[in-house]
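The structure under discussion appears below in the form of structure tokens.
The values are calculated or read from the model by the stated rules, or taken from the named source; none is laboratory data. No experiment lies behind these values; they were computed from the predicted model shown. Glycine gets a Cβ as well: all are built from the backbone with ideal geometry, and neighbour counts include every protein chain shown. The area values use the complete protein model at the heavy-atom level, side chains included, leaving out ligands, DNA and RNA. Shrake-Rupley method; radii C 1.70, N 1.55, O 1.52, S 1.80 Å.
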Amino acid sequence: MTDQTITSVSRESRIFKPSAEFKSQANLGSYEAYRRLYTESVNAPDKFWSKQAKEHLVWRKPFKKTLQWKAPHAKWFTGGKLNVSENCLDKHLGTARENKAAIIFEGEPGDVRTITYRQLHFHVCRLAHILENSGIKAGDRIAIYMPMIPEAMIAMLACARIGAVHTVIFGGFSAEAIKDRLNDCQAKLVITADGGWRRGKIVELKANVDKALYGAPSVQSVLVVKRTGNEVNMVEGRDTWWKEAWEGAPNKHTAKAFDSEHPLFILYTSGSTGKPKGVLHTSAGYLLGAKLSSHYIFDLKENDRYFCSADIGWITGHSYVVYGLLSNGSTVFLYEGAPNQPEPDRFWQMIDRHGITILYTAPTAIRAFMRWGDNYVTRHKLDSLRLLGSVGEPISPEAWRWYHKMIGKGRCPIVDTWWQTETGSIMIAPIPGAIPAKPGSATLPFFGIVPKIVDEKGKEVPRGTDGKMIITKPWPSMLRTLWGDDERFKKAYFGDYPGVYFTGDGAKQDKDGYFWISGRVDDVLNISGHRIGTAEVEAALATHPSVAEAAAVGRPDDLKGSALVVFVSLKTGIAADDALKEALRAHIGREIGSFAKPDAVRFAAGLPKTRSGKIMRRILKEIAAGREVKGDTSTLEDFSVITALQQED
Ligand code: WTA
């Protein structure tokens, strides 16, 4: 975001109230009803959550205690047992939903498949057997590295069914990044595909898995879906085609019940040190958060067709493609490929073709649509849409208004949803029939969520003042720990403000209590809605033989939100040329994934440091943005470094 857009955020003062028509059909149709429920939820959380859990989840054994909270460890619904996949599938069988589409899939080449709830149940049961026959037991870890195809959803649900813990690895990650994740969680099995379609080309997923497995000895077997038909190397005794395993597998499977706190999945995300964090979510609380928020915030109705453009490899894909939607019995539209393939109107075409009613996407995509031009939009009707959503970063009022006018035709409310991998489900968002929207603000907290804006010392700041956002009460879908590293969990989230969860985001509250989130205040960048830790990029660069030292920072960017700029000082005698810049970009692509390749590589004789040797990123950020270096530089060890950096490039 540029400085200009930041200024206009504070200037936008229009309030968009839900229409009478929307309110009259909404799952929650008035501000008073929201206030009443919210007040109940925070004043008597045990009572509120216990009621919701009984109403929204199918239990095999009722829970005894709603919450056990010994900060920072929460246990929700203890004593209870349930099966997450049963809550997403079996529950709908024998009801009017049995033959309803659970998934409508469109591949990038244009192939379309519809899978009903009954069929999805069959698929999941079969895969559950296949996994069990491969020796997988409850608690074992399974990695899923797949394109956006129905089998990815089937794989997640089959893991949940047998109590295996899935870790979905985004298809854009490199072999090196896969290897690190497999080793960290000691995965036993990998589910992948030969490839996936992206912008008319094949992304060779199996080949990446093969490379990763050279260094991941815990993996015993690999299950491979045939998607793209490219040649792959099948290792005898280790790799099996999904289709071959399929033959003869029974399609009925009795699901076991698991404890409420049984681990459901690990999802790796970036933090402020080099190693990605394995965020652990458990069963009942997570599912309740995902289900309840989907019901209210997406205002789900029986005949909705819901399209979320996020990849299944991110938390949005977990909560708002799979668990939140299927547990509500909704029809999920799944698209495999790029939004501009073959033309930049692919989304609008698909919305008309499939009668999509709800679209959930990210500001970075909206900015790309704006740039591609209105012509691509106006040639489509988009009259099936009734609700729009945004997630991943702050949406500027400009993008909000364009989305509202061009896509929603002024008719569809927009839900700007703030949340994180760690929170599991949406924390702040306008419930669309109840809370008036202000473009640029995620508005008010969801039930049971108590965010506060505080200063460095943890003292609440007055309304209108910038500060850091904390969440003061535990909530059912919160992360439970970091896989294998509880100390880091305590330090990263509950260390800054003892006993309360620190989000890592800066924000302020306006006079109406609305939250305006400005973005990360730590060393995590948000690039096109992808979380990338500066330390991760620096650690990757440090492994290149030419690099002496490197620092990564963000630079405001109109399209991506933030662009990645790396400052590199080279080892003596290495020539700083364009070929090396390209080689370093490629190196990061190999170490992390193409999406993390920096937008600019700048060579420097030295990096600005404090006398104690800490790199002063604040200064590098100003240099990267082309701004004058302001603020306190008295702790800087050698000022000439800055002059040299400014002259370079
Ligand atoms: C940012 C994505 C402003 C924020 C679900 C957060 C947002 C990080 C919004 C989490 C929003 C997400 N407005 N900022 N509506 N949604 N963010 O873990 O900085 O990939 O901390 O989860 O994205 O990113 P993550």
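Condition test on L564, is it in contact with a helix residue (DSSP H, G or I) (Cβ under 6 Å, 6 or more places away or on another chain) and not assigned by TED's automatic domain parsing to the domain that holds A365? Before the answer, list the steps.
Working: in contact with a helix residue (DSSP H, G or I) (Cβ under 6 Å, 6 or more places away or on another chain): no; not assigned by TED's automatic domain parsing to the domain that holds A365: yes.
Considered against the rule, which asks whether it is in contact with a helix residue (DSSP H, G or I) (Cβ under 6 Å, 6 or more places away or on another chain) and not assigned by TED's automatic domain parsing to the domain that holds A365, L564 comes out as no.
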If you check A550 against the conditions, is it modelled with pLDDT of 90 or more, over 30 Å from R371 (Cβ atoms), surrounded by 17 or more Cβ atoms within 10 Å (Cβ to Cβ) and touching a strand residue (DSSP E or B) at 6+ places or on another chain (Cβ under 7 Å)? yes
Using the structure shown, decide if K490 is assigned to a helix (DSSP H, G or I) and open to solvent by 10 Å² or more (accessible area, probe 1.4 Å). yes
Considering only helices (runs of 4 or more DSSP H) fully contained in the range 308-403, which possess at least 3 residues that are farther than 22 Å from F515 by Cα and either open to solvent by 20 Å² or more (accessible area, probe 1.4 Å) or more than 16 Å from the ligand (Cβ to nearest atom) (or both)? 346-354, 363-372, 375-378
Given the conditions (1) part of a loop (DSSP other than H, G, I, E, B); (2) touching a strand residue (DSSP E or B) at 6+ places or on another chain (Cβ under 6 Å); (3) more than 15 Å from the ligand (Cβ to nearest atom), every one holds for K452 apart from (1)
Check T465, T421, T481 and return the single one that is in the same structural domain as A284 (by TED's automatic domain parsing), within 15 Å of the ligand (Cβ to nearest atom) and either within 23 Å of A20 (Cα to Cα) or in contact (Cβ under 8 Å) with a residue 40 or more places away in the chain (or both). T421
Among residues of the range 253-272, those that are open to solvent by 10 Å² or more (accessible area, probe 1.4 Å) and in contact with a His (Cβ under 8 Å, 6 or more places away or on another chain), counted: 2
Restricting to strands (runs of 3 or more DSSP E) lying wholly in the range 77-167: which have 2 or more residues that are open to solvent by 30 Å² or more (accessible area, probe 1.4 Å)? 112-116
Restrict the check to the range 146-157 and report whether at least one residue is under 18 Å from L93 (Cα atoms), in contact (Cβ under 8 Å) with a residue 12 or more places away in the chain and out of contact with any strand residue (DSSP E or B) (no Cβ under 9 Å at 6 or more places or on another chain). yes
Quick one: how many residues across the range 575-596 are buried (at least 17 other Cβ atoms within 10 Å of the Cβ), farther than 13 Å from H544 by Cβ and among the charged types (D, E, K, R)? 0
Residue pairs qualifying under the 6 Å Cβ cut-off, at least six apart or on distinct chains, with the first in the range 576-587 being assigned by TED's automatic domain parsing to the domain that holds A605 and closer than 13 Å to P598 by Cβ and the second being of a type in the set (V, I, T) and outside any helix (DSSP H, G or I), are K581/V601; L584/V601
Within the range 424-449, tally of residues that are more than 15 Å from the ligand (Cβ to nearest atom) and open to solvent by less than 10 Å² (accessible area, probe 1.4 Å): 4
Restricted to the range 404-418, and to residues that are assigned to a helix (DSSP H, G or I) and free of Cβ contacts under 8 Å to residues at least 60 places away in the same chain, which residue is nearest to the ligand (Cβ to nearest atom)? I407
Just need a number here: residues in the range 204-252 that are open to solvent by less than 30 Å² (accessible area, probe 1.4 Å) and either closer than 30 Å to L287 by Cα or of a type in the set (D, E) (or both). 14
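For the subset of the range 274-307 comprising residues that are within 30 Å of A550 (Cα to Cα) and part of a strand (DSSP E or B), which member is farthest from the ligand (Cβ to nearest atom)?
Taking the range 274-307 first, the residues within 30 Å of A550 (Cα to Cα) are 274-279.
Now restrict to residues that are part of a strand (DSSP E or B): 277-279.
Numbers: K277: 10, G278: 13, V279: 8 Å.
Checked the range 274-307; the qualifying residue farthest from the ligand (Cβ to nearest atom) is G278.
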Considering only residues that are without any contact (Cβ under 8 Å) to a residue 40 or more places away in the chain and of a type in the set (V, I, T), which ones fall in the range 246-285? T254
For K179, are the conditions met, namely being in a helix (DSSP H, G or I), surrounded by fewer than 18 Cβ atoms within 10 Å (Cβ to Cβ) and out of contact with any Cys (no Cβ under 9 Å at 6 or more places or on another chain)? no
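Hey, among V641, V629, which residue is assigned to a helix (DSSP H, G or I) and of a type outside the set (D, E)?
Details: V629 fails: assigned to a helix (DSSP H, G or I).
Of the residues listed, the single one that is assigned to a helix (DSSP H, G or I) and of a type outside the set (D, E) is V641.
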Condition check for S640: in contact with a Pro (Cβ under 8 Å, 6 or more places away or on another chain) and either open to solvent by 60 Å² or more (accessible area, probe 1.4 Å) or at pLDDT 90 or above (or both): no
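Residues that are at pLDDT 95 or above and open to solvent by less than 40 Å² (accessible area, probe 1.4 Å): which helices (runs of 4 or more DSSP H) entirely in the range 1-44 hold 1 or more of them? Outline the logic, then answer.
Working: elements: 3-11, 20-25, 31-43.
Hits in the range 1-44: 20-25, 31-43.
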Using the structure shown, decide if A575 is assigned to a helix (DSSP H, G or I) and farther than 28 Å from I428 by Cα. no
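Could you pull out the residue among A605, A542 that is at pLDDT below 90, within 28 Å of the chain's Cα centre (by Cα) and surrounded by fewer than 18 Cβ atoms within 10 Å (Cβ to Cβ)?
Values: A605 fails: within 28 Å of the chain's Cα centre (by Cα).
A542 is the lone residue from the list that is at pLDDT below 90, within 28 Å of the chain's Cα centre (by Cα) and surrounded by fewer than 18 Cβ atoms within 10 Å (Cβ to Cβ).
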